[in-house]
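To start, the structure under review is shown below, and the notes come after it.
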Amino acid sequence: MKKKRALQGIRVLDASTVIAGPTIGMLLGDFGADVIKIEHPRGDVLRETGHQKDGIGLWFKMANRNKRCITMNFSTDAGAELFKELIKSADVLIENFRTSTMERWGLGWETLKLINPGLVMVRVTGFGQTGPYKMRPGFGTVAEAFSGFAGMTGEIDGPPTLPNFGLADGIAASYGTFATMFALYYRDVQGGSGQFIDLSIYEPIFQLLGPQPLAYDQLGIIQERMGNRSLNNAPRNTYKTLDNRWVAVSTNSPAIVKRVLTLCGGEKAASDPRFQTPKGRVKFIDEVDEIVSSWIGKHKLSEVLEKFEEVEAAVGPVYNIAQIFEDPQYIARDDIVNLDDEDLGQMKMTGAFPFMSETPAEIRHAGPSKGKHNKEIFCDELSLKVEDLERLQEEGVI
(Lines give C-alpha, C1' and ligand atoms only; values in the text may rest on other atoms or scores of the structure.)
Protein backbone atom coordinates (compact mmCIF):
# COMPACT_ATOMS: atom_id res chain seq x y z
CA MET A 1 0.00 0.00 0.00
CA LYS A 2 1.40 3.38 -1.00
CA LYS A 3 2.16 5.62 1.94
CA LYS A 4 0.51 9.04 2.20
CA ARG A 5 2.36 12.30 1.77
CA ALA A 6 2.30 14.32 4.99
CA LEU A 7 1.93 17.70 3.24
CA GLN A 8 -0.26 16.67 0.33
CA GLY A 9 -2.61 19.55 -0.47
CA ILE A 10 -0.22 22.25 0.76
CA ARG A 11 0.94 24.64 -1.97
CA VAL A 12 4.20 26.52 -1.55
CA LEU A 13 5.54 29.39 -3.67
CA ASP A 14 9.32 29.46 -3.40
CA ALA A 15 10.42 32.88 -4.63
CA SER A 16 13.78 32.68 -2.85
CA THR A 17 17.28 32.19 -4.17
CA VAL A 18 20.52 30.39 -3.34
CA ILE A 19 20.38 28.23 -0.17
CA ALA A 20 18.33 28.94 2.98
CA GLY A 21 14.98 29.76 1.36
CA PRO A 22 15.12 27.08 -1.33
CA THR A 23 16.08 24.50 1.29
CA ILE A 24 12.88 25.27 3.21
CA GLY A 25 11.00 24.61 -0.02
CA MET A 26 12.99 21.43 -0.59
CA LEU A 27 12.15 20.06 2.85
CA LEU A 28 8.45 20.84 2.44
CA GLY A 29 8.50 19.28 -1.04
CA ASP A 30 10.21 16.13 0.24
CA PHE A 31 7.17 15.50 2.42
CA GLY A 32 4.62 16.08 -0.32
CA ALA A 33 3.91 19.79 -0.64
CA ASP A 34 3.35 21.16 -4.15
CA VAL A 35 6.27 23.57 -4.36
CA ILE A 36 6.43 26.04 -7.23
CA LYS A 37 9.88 27.52 -7.71
CA ILE A 38 9.62 31.07 -9.06
CA GLU A 39 12.82 32.23 -10.74
CA HIS A 40 13.68 35.51 -12.37
CA PRO A 41 13.86 34.86 -16.14
CA ARG A 42 17.67 35.02 -15.89
CA GLY A 43 17.56 32.08 -13.45
CA ASP A 44 18.54 31.42 -9.85
CA VAL A 45 22.23 32.08 -9.23
CA LEU A 46 22.40 28.64 -7.61
CA ARG A 47 22.22 27.14 -11.10
CA GLU A 48 25.75 28.50 -11.63
CA THR A 49 27.09 28.08 -8.09
CA GLY A 50 29.42 25.26 -7.10
CA HIS A 51 30.14 22.17 -9.15
CA GLN A 52 28.57 21.80 -12.59
CA LYS A 53 28.38 19.01 -15.13
CA ASP A 54 27.70 19.91 -18.76
CA GLY A 55 26.64 23.37 -17.55
CA ILE A 56 24.10 21.93 -15.08
CA GLY A 57 24.45 23.17 -11.48
CA LEU A 58 24.51 20.21 -9.10
CA TRP A 59 23.61 22.24 -6.01
CA PHE A 60 20.51 23.57 -7.76
CA LYS A 61 19.54 19.99 -8.64
CA MET A 62 19.41 19.10 -4.95
CA ALA A 63 18.03 22.28 -3.35
CA ASN A 64 15.18 22.46 -5.87
CA ARG A 65 14.22 18.82 -6.10
CA ASN A 66 10.50 17.95 -6.06
CA LYS A 67 9.60 21.47 -7.27
CA ARG A 68 7.87 22.76 -10.36
CA CYS A 69 9.87 25.58 -11.94
CA ILE A 70 8.45 28.71 -13.52
CA THR A 71 10.04 32.02 -14.51
CA MET A 72 8.60 35.38 -13.50
CA ASN A 73 9.89 38.90 -12.97
CA PHE A 74 7.36 40.15 -10.44
CA SER A 75 9.13 43.48 -10.04
CA THR A 76 7.27 44.40 -13.26
CA ASP A 77 3.60 45.39 -13.18
CA ALA A 78 2.53 42.42 -15.32
CA GLY A 79 4.64 40.05 -13.27
CA ALA A 80 3.21 41.40 -10.02
CA GLU A 81 -0.32 40.71 -11.25
CA LEU A 82 0.59 37.13 -12.13
CA PHE A 83 2.22 36.76 -8.73
CA LYS A 84 -0.94 37.96 -6.99
CA GLU A 85 -2.97 35.38 -8.91
CA LEU A 86 -0.67 32.63 -7.68
CA ILE A 87 -0.88 33.95 -4.11
CA LYS A 88 -4.63 33.29 -4.09
CA SER A 89 -4.07 29.52 -4.08
CA ALA A 90 -0.88 29.43 -1.98
CA ASP A 91 -0.54 28.23 1.59
CA VAL A 92 3.08 29.33 1.97
CA LEU A 93 5.29 31.93 0.33
CA ILE A 94 9.07 31.85 0.82
CA GLU A 95 11.07 34.97 -0.15
CA ASN A 96 14.53 36.23 0.71
CA PHE A 97 14.72 39.69 -0.80
CA ARG A 98 16.32 42.43 1.23
CA THR A 99 13.99 44.00 3.80
CA SER A 100 11.29 46.25 2.25
CA THR A 101 11.98 45.08 -1.33
CA MET A 102 8.67 43.23 -1.61
CA GLU A 103 6.90 46.31 -0.23
CA ARG A 104 8.57 48.46 -2.89
CA TRP A 105 7.08 46.19 -5.54
CA GLY A 106 3.64 46.41 -3.97
CA LEU A 107 3.86 42.80 -2.75
CA GLY A 108 4.52 43.24 0.96
CA TRP A 109 2.79 41.37 3.76
CA GLU A 110 0.05 43.95 4.27
CA THR A 111 -0.93 43.64 0.60
CA LEU A 112 -0.64 39.87 0.28
CA LYS A 113 -2.61 39.05 3.42
CA LEU A 114 -5.59 40.96 1.98
CA ILE A 115 -5.44 38.77 -1.12
CA ASN A 116 -5.04 35.57 0.91
CA PRO A 117 -5.71 35.88 4.68
CA GLY A 118 -4.52 32.31 5.24
CA LEU A 119 -1.10 32.86 3.70
CA VAL A 120 2.04 31.98 5.66
CA MET A 121 4.86 34.22 4.41
CA VAL A 122 8.40 33.15 5.29
CA ARG A 123 10.75 36.13 5.04
CA VAL A 124 14.43 35.12 5.07
CA THR A 125 17.05 37.84 5.48
CA GLY A 126 20.52 38.12 6.92
CA PHE A 127 19.53 40.21 9.93
CA GLY A 128 15.74 40.13 10.09
CA GLN A 129 12.99 42.62 9.30
CA THR A 130 13.73 44.92 12.27
CA GLY A 131 16.71 46.46 14.02
CA PRO A 132 19.48 48.79 12.87
CA TYR A 133 20.97 46.16 10.53
CA LYS A 134 17.73 45.19 8.79
CA MET A 135 18.79 46.75 5.49
CA ARG A 136 22.22 45.12 5.40
CA PRO A 137 22.80 42.32 2.91
CA GLY A 138 23.58 39.12 4.75
CA PHE A 139 24.63 35.61 3.82
CA GLY A 140 25.47 32.46 5.73
CA THR A 141 29.15 33.38 5.96
CA VAL A 142 28.29 36.69 7.61
CA ALA A 143 25.91 34.92 9.99
CA GLU A 144 28.54 32.37 10.96
CA ALA A 145 30.83 35.23 12.00
CA PHE A 146 28.18 37.53 13.49
CA SER A 147 26.59 34.76 15.58
CA GLY A 148 29.82 33.95 17.43
CA PHE A 149 30.28 30.57 15.73
CA ALA A 150 33.49 31.45 13.85
CA GLY A 151 34.99 33.18 16.89
CA MET A 152 34.81 30.00 18.96
CA THR A 153 35.75 27.60 16.16
CA GLY A 154 39.31 26.72 15.18
CA GLU A 155 42.62 25.95 16.84
CA ILE A 156 43.58 27.81 20.00
CA ASP A 157 46.29 29.86 18.30
CA GLY A 158 44.63 29.94 14.89
CA PRO A 159 42.22 32.35 13.21
CA PRO A 160 38.43 32.18 13.49
CA THR A 161 37.27 29.34 11.27
CA LEU A 162 34.39 29.32 8.79
CA PRO A 163 32.77 26.13 7.47
CA ASN A 164 33.22 25.43 3.75
CA PHE A 165 29.55 24.61 3.27
CA GLY A 166 26.24 26.38 3.97
CA LEU A 167 26.03 25.73 7.71
CA ALA A 168 24.13 28.84 8.83
CA ASP A 169 21.84 28.61 5.79
CA GLY A 170 21.05 24.97 6.54
CA ILE A 171 20.27 25.69 10.19
CA ALA A 172 18.09 28.65 9.23
CA ALA A 173 16.24 26.43 6.74
CA SER A 174 15.49 23.90 9.47
CA TYR A 175 14.15 26.63 11.75
CA GLY A 176 12.17 28.10 8.87
CA THR A 177 10.62 24.73 8.10
CA PHE A 178 9.37 24.00 11.59
CA ALA A 179 8.20 27.62 12.00
CA THR A 180 6.18 27.14 8.82
CA MET A 181 4.62 24.00 10.25
CA PHE A 182 3.83 25.82 13.52
CA ALA A 183 2.06 28.51 11.49
CA LEU A 184 0.09 25.97 9.45
CA TYR A 185 -0.93 24.13 12.63
CA TYR A 186 -2.11 27.39 14.17
CA ARG A 187 -4.07 28.23 11.02
CA ASP A 188 -5.57 24.83 10.26
CA VAL A 189 -6.00 23.22 13.70
CA GLN A 190 -6.47 26.16 16.03
CA GLY A 191 -8.59 28.16 13.60
CA GLY A 192 -6.13 31.03 13.34
CA SER A 193 -5.16 33.22 10.43
CA GLY A 194 -2.08 33.28 8.25
CA GLN A 195 0.99 35.14 9.42
CA PHE A 196 4.48 36.15 8.38
CA ILE A 197 7.66 34.58 9.75
CA ASP A 198 10.63 36.89 10.27
CA LEU A 199 13.57 34.51 9.84
CA SER A 200 17.09 35.91 10.05
CA ILE A 201 20.02 33.69 9.14
CA TYR A 202 22.14 34.61 12.16
CA GLU A 203 19.64 33.92 14.98
CA PRO A 204 19.13 30.15 14.46
CA ILE A 205 22.87 29.39 14.53
CA PHE A 206 23.26 31.77 17.49
CA GLN A 207 20.68 29.74 19.41
CA LEU A 208 22.40 26.46 18.57
CA LEU A 209 25.63 27.67 20.18
CA GLY A 210 24.11 26.87 23.57
CA PRO A 211 23.89 28.82 26.85
CA GLN A 212 26.68 31.27 26.07
CA PRO A 213 24.59 34.36 26.92
CA LEU A 214 23.72 32.82 30.29
CA ALA A 215 27.36 31.89 31.00
CA TYR A 216 28.51 35.39 30.11
CA ASP A 217 25.74 37.07 32.11
CA GLN A 218 26.20 34.98 35.23
CA LEU A 219 29.91 34.16 35.15
CA GLY A 220 31.51 36.58 32.71
CA ILE A 221 32.74 33.68 30.57
CA ILE A 222 33.58 34.24 26.92
CA GLN A 223 34.07 30.95 25.10
CA GLU A 224 37.35 30.84 23.20
CA ARG A 225 38.65 28.56 20.46
CA MET A 226 39.71 25.11 21.65
CA GLY A 227 40.27 23.19 18.43
CA ASN A 228 38.38 19.89 18.60
CA ARG A 229 38.33 19.81 22.37
CA SER A 230 35.33 20.60 24.55
CA LEU A 231 34.93 22.89 27.55
CA ASN A 232 32.47 20.45 29.05
CA ASN A 233 34.14 17.06 28.99
CA ALA A 234 37.17 15.02 28.01
CA PRO A 235 38.23 13.01 26.13
CA ARG A 236 36.59 14.67 23.17
CA ASN A 237 38.79 15.13 20.14
CA THR A 238 39.94 13.69 16.84
CA TYR A 239 42.83 11.23 16.93
CA LYS A 240 45.08 9.77 14.21
CA THR A 241 45.33 5.98 13.83
CA LEU A 242 48.39 3.93 12.94
CA ASP A 243 47.33 3.81 9.28
CA ASN A 244 46.92 7.61 9.08
CA ARG A 245 43.14 7.67 9.37
CA TRP A 246 41.26 9.81 11.86
CA VAL A 247 38.54 9.03 14.39
CA ALA A 248 36.37 11.24 16.57
CA VAL A 249 35.82 10.26 20.20
CA SER A 250 33.17 11.65 22.53
CA THR A 251 32.52 10.70 26.16
CA ASN A 252 29.38 12.25 27.58
CA SER A 253 28.70 9.86 30.45
CA PRO A 254 30.83 8.60 33.37
CA ALA A 255 30.42 4.98 32.25
CA ILE A 256 31.76 5.69 28.76
CA VAL A 257 34.65 7.73 30.17
CA LYS A 258 35.66 4.82 32.37
CA ARG A 259 35.48 2.34 29.49
CA VAL A 260 37.56 4.54 27.17
CA LEU A 261 40.24 5.25 29.78
CA THR A 262 40.38 1.59 30.77
CA LEU A 263 40.80 0.57 27.12
CA CYS A 264 43.44 3.17 26.36
CA GLY A 265 45.30 3.47 29.66
CA GLY A 266 44.28 0.55 31.86
CA GLU A 267 42.68 0.53 35.31
CA LYS A 268 45.26 2.98 36.64
CA ALA A 269 44.19 5.68 34.22
CA ALA A 270 40.48 4.96 34.73
CA SER A 271 40.83 5.29 38.52
CA ASP A 272 43.13 8.35 38.50
CA PRO A 273 41.59 10.86 40.98
CA ARG A 274 42.23 13.70 38.54
CA PHE A 275 39.95 12.15 35.93
CA GLN A 276 36.83 11.39 37.97
CA THR A 277 34.80 14.48 37.06
CA PRO A 278 34.26 16.37 33.79
CA LYS A 279 35.82 19.45 35.38
CA GLY A 280 38.87 17.47 36.45
CA ARG A 281 39.36 15.89 33.03
CA VAL A 282 39.09 19.28 31.31
CA LYS A 283 41.64 20.70 33.76
CA PHE A 284 44.05 17.89 32.89
CA ILE A 285 42.98 17.64 29.27
CA ASP A 286 46.51 17.29 27.91
CA GLU A 287 47.10 14.20 30.04
CA VAL A 288 43.74 12.69 29.08
CA ASP A 289 44.34 13.31 25.38
CA GLU A 290 47.81 11.80 25.59
CA ILE A 291 46.39 8.56 26.99
CA VAL A 292 43.78 8.24 24.26
CA SER A 293 45.89 9.49 21.33
CA SER A 294 48.84 7.25 22.29
CA TRP A 295 46.70 4.11 22.26
CA ILE A 296 44.82 5.00 19.07
CA GLY A 297 48.09 5.90 17.34
CA LYS A 298 49.33 2.34 17.85
CA HIS A 299 46.33 0.69 16.18
CA LYS A 300 44.84 0.67 12.69
CA LEU A 301 41.41 2.18 12.05
CA SER A 302 39.66 -1.19 11.85
CA GLU A 303 41.19 -2.25 15.18
CA VAL A 304 40.22 1.01 16.88
CA LEU A 305 36.63 0.73 15.72
CA GLU A 306 36.45 -2.93 16.74
CA LYS A 307 37.88 -2.37 20.24
CA PHE A 308 35.71 0.68 20.93
CA GLU A 309 32.65 -1.27 19.83
CA GLU A 310 33.60 -4.14 22.14
CA VAL A 311 33.68 -1.83 25.15
CA GLU A 312 30.56 0.05 23.97
CA ALA A 313 32.28 3.42 23.66
CA ALA A 314 31.36 6.08 21.12
CA VAL A 315 33.76 6.48 18.20
CA GLY A 316 33.32 7.50 14.59
CA PRO A 317 35.64 7.43 11.60
CA VAL A 318 36.30 10.82 9.99
CA TYR A 319 34.94 10.26 6.49
CA ASN A 320 35.14 11.93 3.13
CA ILE A 321 32.30 11.47 0.65
CA ALA A 322 33.98 8.57 -1.18
CA GLN A 323 34.17 6.64 2.10
CA ILE A 324 30.56 7.52 2.91
CA PHE A 325 29.48 5.96 -0.39
CA GLU A 326 31.00 2.65 0.74
CA ASP A 327 29.82 2.57 4.36
CA PRO A 328 27.26 -0.18 5.13
CA GLN A 329 25.28 2.03 7.54
CA TYR A 330 24.65 4.65 4.85
CA ILE A 331 23.80 1.88 2.37
CA ALA A 332 21.40 0.08 4.72
CA ARG A 333 19.42 3.23 5.44
CA ASP A 334 19.33 4.48 1.83
CA ASP A 335 20.91 7.75 2.93
CA ILE A 336 22.04 8.29 -0.66
CA VAL A 337 19.35 7.70 -3.27
CA ASN A 338 19.45 6.97 -7.01
CA LEU A 339 17.49 9.16 -9.42
CA ASP A 340 16.93 9.28 -13.14
CA ASP A 341 17.34 12.93 -14.11
CA GLU A 342 16.18 14.67 -17.29
CA ASP A 343 19.55 16.43 -17.71
CA LEU A 344 22.16 14.19 -16.12
CA GLY A 345 20.65 10.72 -16.47
CA GLN A 346 21.43 8.40 -13.55
CA MET A 347 22.50 10.36 -10.48
CA LYS A 348 22.85 10.01 -6.73
CA MET A 349 21.99 12.59 -4.08
CA THR A 350 21.41 12.87 -0.36
CA GLY A 351 18.18 11.23 0.75
CA ALA A 352 15.30 12.91 2.58
CA PHE A 353 15.27 12.91 6.38
CA PRO A 354 13.96 12.21 8.94
CA PHE A 355 12.31 8.87 8.29
CA MET A 356 8.60 8.64 9.13
CA SER A 357 6.69 5.38 9.37
CA GLU A 358 3.35 6.51 7.90
CA THR A 359 4.19 9.57 5.81
CA PRO A 360 7.75 9.08 4.53
CA ALA A 361 9.54 11.66 2.46
CA GLU A 362 10.01 10.97 -1.22
CA ILE A 363 12.37 12.42 -3.82
CA ARG A 364 10.33 12.39 -7.00
CA HIS A 365 12.78 14.30 -9.22
CA ALA A 366 15.77 16.60 -9.03
CA GLY A 367 15.64 20.34 -9.74
CA PRO A 368 13.98 20.93 -13.15
CA SER A 369 15.21 23.01 -16.05
CA LYS A 370 14.46 26.73 -15.96
CA GLY A 371 10.85 27.52 -16.79
CA LYS A 372 9.95 23.89 -17.40
CA HIS A 373 6.46 24.28 -15.90
CA ASN A 374 5.57 27.71 -17.28
CA LYS A 375 2.87 26.41 -19.63
CA GLU A 376 1.52 23.94 -17.07
CA ILE A 377 1.03 26.59 -14.39
CA PHE A 378 0.35 29.78 -16.36
CA CYS A 379 -1.90 28.25 -19.00
CA ASP A 380 -3.43 25.19 -17.33
CA GLU A 381 -3.84 26.71 -13.85
CA LEU A 382 -4.06 30.48 -14.40
CA SER A 383 -5.88 30.15 -17.74
CA LEU A 384 -3.47 32.26 -19.78
CA LYS A 385 -3.49 31.70 -23.53
CA VAL A 386 -0.37 30.45 -25.26
CA GLU A 387 -0.09 33.73 -27.16
CA ASP A 388 -0.23 35.61 -23.82
CA LEU A 389 2.63 33.44 -22.60
CA GLU A 390 4.67 34.20 -25.69
CA ARG A 391 4.03 37.93 -25.33
CA LEU A 392 5.05 37.93 -21.66
CA GLN A 393 8.21 36.06 -22.57
CA GLU A 394 9.06 38.65 -25.25
CA GLU A 395 8.50 41.42 -22.68
CA GLY A 396 10.84 39.76 -20.17
CA VAL A 397 8.06 39.16 -17.63
CA ILE A 398 8.55 35.37 -17.68
Hey, Glu144 charged (D, E, K, R) and either surrounded by fewer than 17 Cβ atoms within 10 Å (Cβ to Cβ) or more than 22 Å from Val45 (Cα to Cα) (or both) or not: no
Residue match in region 315-324 (condition: in contact with a strand residue (DSSP E or B) (Cβ under 9 Å, 6 or more places away or on another chain) and farther than 25 Å from Ile336 by Cα): no
Residue count for region 239-259, restricted to those that are open to solvent by 40 Å² or more (accessible area, probe 1.4 Å), touching a Gly at 6+ places or on another chain (Cβ under 9 Å) and either over 12 Å from Ala314 (Cα atoms) or free of Cβ contacts under 8 Å to residues at least 12 places away in the same chain (or both): 2
Any hit, region 299-306, residues being touching a helix residue (DSSP H, G or I) at 6+ places or on another chain (Cβ under 6 Å) and either acidic (Asp, Glu) or loosely packed, with under 15 Cβ neighbours inside 10 Å (or both): no
Of all residues making up region 196-234, the number that are in a loop (DSSP other than H, G, I, E, B) and either surrounded by fewer than 12 Cβ atoms within 10 Å (Cβ to Cβ) or not hydroxyl-bearing (Ser, Thr, Tyr) (or both): 18
Those strands (runs of 3 or more DSSP E) lying entirely in region 293-398 with at least 3 residues closer than 25 Å to Leu28 by Cα: 336-341, 345-350
Any pair with Cβ under 8 angstrom, 6 or more apart, that starts in region 20-43 at a residue that is more than 26 Å from Tyr202 (Cα to Cα) and open to solvent by 10 Å² or more (accessible area, probe 1.4 Å) and ends at one that is of a type outside the set (S, T, N, Q) and not in a loop (DSSP other than H, G, I, E, B): Asp34/Arg11; Asp34/Val12; Asp34/Arg68
Residue check for Asp380: exposed (fewer than 12 other Cβ atoms within 10 Å of the Cβ), more than 29 Å from the chain's Cα centre (by Cα) and of a type outside the set (Ser, Thr, Tyr): yes
Answer from Thr141, Thr111 - the residue that is modelled with pLDDT of 95 or more, within 26 Å of the chain's Cα centre (by Cα) and among the hydroxyl-bearing types (Ser, Thr, Tyr): Thr141
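Within region 142-181, count every residue that is part of a loop (DSSP other than H, G, I, E, B), among the hydrophobic types (A, V, I, L, M, F, W, C) and touching a residue at least 24 places away in the same chain (Cβ under 8 Å). I'd like the intermediate steps shown before the answer.
Residues of region 142-181 that are part of a loop (DSSP other than H, G, I, E, B), as a first pass: 147-149, 153-166.
When the remaining residues are screened for being among the hydrophobic types (A, V, I, L, M, F, W, C), the result is 149, 156, 162, 165.
Next, only the ones that are touching a residue at least 24 places away in the same chain (Cβ under 8 Å) stay: 149, 156.
Looking only at that region, the number is 2.
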Residue match in region 385-396 (condition: closer than 30 Å to Leu261 by Cα, surrounded by 13 or more Cβ atoms within 10 Å (Cβ to Cβ), of a type outside the set (Gly, Ala, Ser) and touching a helix residue (DSSP H, G or I) at 6+ places or on another chain (Cβ under 6 Å)): no
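So that you can scan it fast, the table gives a plain yes or no per residue for (1) surrounded by 14 or more Cβ atoms within 10 Å (Cβ to Cβ); (2) of a type in the set (Gly, Ala, Ser); (3) in contact (Cβ under 8 Å) with a residue 60 or more places away in the chain:
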residue	(1), (2), (3)
Glu312	no, no, no
Tyr319	yes, no, no
Gln323	no, no, no
Ala332	no, yes, no
Asn338	no, no, no
Asp343	yes, no, yes
Count of region 147-186 residues which are over 10 Å from the mean Cα position of the chain (by Cα), open to solvent by 40 Å² or more (accessible area, probe 1.4 Å) and closer than 30 Å to Gly118 by Cα: 5
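The values are calculated or read from the model by the stated rules, or taken from the named source; none is laboratory data. This structure is a prediction, so every number in the text was calculated from the model and none was measured. Positions of Cβ are backbone-derived with ideal geometry, glycine not excepted, and every protein chain shown enters the neighbour counts. Heads up: the accessible areas ignore ligands, DNA and RNA and are worked out on the full protein's heavy atoms, side chains in. Shrake-Rupley method; radii C 1.70, N 1.55, O 1.52, S 1.80 Å.
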